[in-house]
Structures are given as C-alpha cells and as structure tokens.
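K.L.:
Dumping the structure here so I can ask a few things about it.
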Amino acid sequence: LSATAPLVAPHASAQSGHLASLPPNARVVGPTIFHDAAFRGAVVELRSIDVPLTSLTLMILNATAMPEVARGRVLGAHVHTRGCADDAAASGPHYVHPNGDPAKPLAMREVWLDVRIDSRGTGMAFALFDWRIRRGDANSVVVHAEPTNPTTGAAGPRLLCTSIVLGQ
C-alpha cells in the first residue's frame, strides 16, 4: 500500500468485525454546533481508531435522528482543521494529509465520510486510510448538504459540526 492509498470507497457501510471493536483513540457524540436549524436533534457519533501495529487509521461516523429533509440523500462529511463554532466557516478547511502526493486525487489525501441517510434517518460511513493524523491538525467533522464532488472535494453548505481532537 502506498502512504495515501484509499482502502475503502466513500459512503461505504461499516461491517461488524474486530476493527470496529477496537477501543477508539478518539470518540465523541455530537454535533457540537447546528448550522441548519432543520438538523437540530440530529446525533452524530464519531470514532477514530489507530489500528495497532499498522499505519492504518479507521474513522467511523454514525448518524441518527436525521431530519426528513436528509432522508434518502447522501450528505458529504469531512474532517476539518479547526473546532466548531457558531460561524460555519470557523471549522476551517478540510484536513489534507501533509505528506500526500498532490498529484493524487483529493479522496486519497483527505478524510471523506459521505453518509447515505436511510428512511429512518440513520446512516453509517467509514474511512480506512494508510496514514495517521497528527494531533492538533484536525479538530472537527463537518456534515455538508451535498455528496462530495470527487474532483473538487466540495459538498455544499455546512449543516452541522462536531468537534473532535484527532491524531496521536
């Protein structure tokens, strides 16, 4: 594996297994901030696991109680550089792996957790990547209104933000 090879596709479903049962290096239930009032009451649980004896990192996003407007849709979700605040832009840009090859697609250098919301208002997504996030470099996960554009990484307006300190 190269240092930036993606190991799963965006909005893949997590399966029960030994990786998901590992204790998280970081876990939080949020969101911290709602940027769209329609999403008040939504719950996002985030887990980040540095897989022992490897350079792999597993991130899991579980969404529940998502509003009717989100049901049947895919929402973009990304790791961002700063923590959440009332100003949606305060969470900063997407975290980009600093040693990632800029010639490679963004999906191989960023953490994308696009989540498909089902008819019950729930969804799960995960990303498994072959590098570590440095502590202090990534501090939130933002859920966006649209699926992630694979070329630009854009995913529309920020709906909600969950602060989580990632990395070792």
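K.L.:
From the alpha carbon gyration tensor of region 56-112, can you work out the equivalent ellipsoid semi-axes (sqrt of 5 times each eigenvalue) and give them in Å, largest to smallest?
P.N.:
Those come to 24, 16, 11 Å.
K.L.:
Can you compute the FRET efficiency between Arg71 and Lys104 using 1/(1 + (r/R0)^6), with r the Cβ-Cβ distance and R0 = 41 Å? Round to the nearest 0.05.
P.N.:
Approximately 0.75, to the nearest 0.05.
K.L.:
Whenever you get a sec, compute what percent of the accessible area on the chain sits on carbon and sulfur atoms (1.4 Å probe).
P.N.:
Carbon-and-sulfur percentage of accessible area, whole number: 55.
K.L.:
From the phi of every residue in region 138-144, what ³J(HN,Hα) in whole Hz does the Karplus formula 6.51 cos²θ - 1.76 cosθ + 1.60 yield, where θ is phi - 60° and glycine or proline is x?
P.N.:
9, 9, 6, 10, 10, 9, 10
K.L.:
May I pose another question? Quick one: Karplus J couplings for region 96-111, per residue in order, coefficients 6.51, -1.76, 1.60, θ = phi - 60°, nearest Hz, x for Gly and Pro?
P.N.:
Along region 96-111, the couplings run 10, 4, x, 9, x, 6, x, 7, 7, x, 3, 4, 8, 10, 10, 10 Hz.
K.L.:
Also: What is the sum of charges around Leu166, taking Lys and Arg as +1, Asp and Glu as -1, for the other residues whose C-beta is under 14 Å from the C-beta of Leu166?
P.N.:
+3
K.L.:
Kindly state, to the nearest 0.05, the FRET efficiency for Thr81 paired with Arg40, given R0 = 35 Å and r defined as their beta-carbon distance.
P.N.:
The pair Thr81/Arg40 has a calculated efficiency of 0.90.
K.L.:
Using packing as a proxy for protection, rank 96-109, 132-145 so that the peptide with the highest average count of other Cβ atoms within 10 Å comes first.
P.N.:
Top of the packing list down: 132-145, 96-109.
K.L.:
OK, next. Quick one: check the C-alpha center-to-center distance for region 51-77 versus region 99-139, whole angstrom.
P.N.:
Between the Cα centres of region 51-77 and region 99-139 lies a distance of 9 Å.
K.L.:
Can you give the accessible area per residue of the chain, in Å², using a 1.4 Å probe?
P.N.:
46 Å²
The values are calculated or read from the model by the stated rules, or taken from the named source; none is laboratory data. Being a predicted model, the structure only gives us computed values, none of them experimental. As a convention, Cβ positions derive from the backbone with ideal geometry for all residues, glycine included, and neighbour counts pool all protein chains shown. Just so you know, the surface numbers come from the protein's heavy atoms only, side chains and all, with ligands and any DNA or RNA stripped out. Shrake-Rupley method; radii C 1.70, N 1.55, O 1.52, S 1.80 Å.
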